[in-house]
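Peer 1: Got a structure for you, questions after.
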Amino acid sequence: MFLRWRMMQLETEKDAAKGLMKNIAEERRQSPRFDVRLQLRYRLSEKGGDGRWHTGITRDMSKDGVGFKTRRPLPVGCHIELRIDWPARFDSLYPIDLQATGFVVRSDNNRAAVRISSHRFLLQRVETMPEPEAEAELSATA
């Protein structure tokens, strides 16, 4: 009887410890994360780096950080610039990018996590196309 009671007590303590650990893990994050899948481009700011843009897809975002899928591991501690294709448009016409800079805090084979240190929204430039009549005139004279 005592043994059964002690086993139940240990199970209760184990469950309480799991709950405590979960709360501690949740409290580490100061901002809630949201599952968001958006296209992004990034480049690393490392000495001797090529400065080329690479692509990825966000997994989750908060005001303090972003997790995303990448094709290769990134160096932890490296400064990074992100350009995320924002789903909204300015005046329902102009595409918007979220530009963020920060540091890589975690990375493995195909995932990376970045702590954001600054961010701003940028309007993407929209190329103006020549009017169809003007285009026709150009091709007629060529």
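Peer 1: Just to verify a result, which residue in segment 45-73, among those that are touching a Leu at 6+ places or on another chain (Cβ under 7 Å) and under 15 Å from residue 115 (Cα atoms), is surrounded by the fewest Cβ atoms within 10 Å (Cβ to Cβ)?
Peer 2: Taking the candidates together, the pick is 58.
Peer 1: While we're on this one: Quick one: in segment 75-119, which of the residues that are over 16 Å from residue 36 (Cα atoms) and of a type in the set (Asp, Glu) is farthest from the chain's Cα centre (by Cα)?
Peer 2: If we take residues in segment 75-119 being over 16 Å from residue 36 (Cα atoms) and of a type in the set (Asp, Glu), then 91 is farthest from the chain's Cα centre (by Cα).
Peer 1: Follow-up. Name the pairs whose Cβ atoms lie under 6 Å apart, with the first residue in segment 33-52 and on the phi > 0 side of the Ramachandran plot, the second surrounded by 15 or more Cβ atoms within 10 Å (Cβ to Cβ), and 6 or more positions between them or separate chains?
Peer 2: 51/43
None of the figures in this text is laboratory data; all of them are computed from the coordinates on show. None of these values were measured; they are calculated from a predicted model. In this analysis, Cβ positions are derived from the backbone assuming ideal geometry, glycine residues included, and neighbour counts consider all displayed protein chains.
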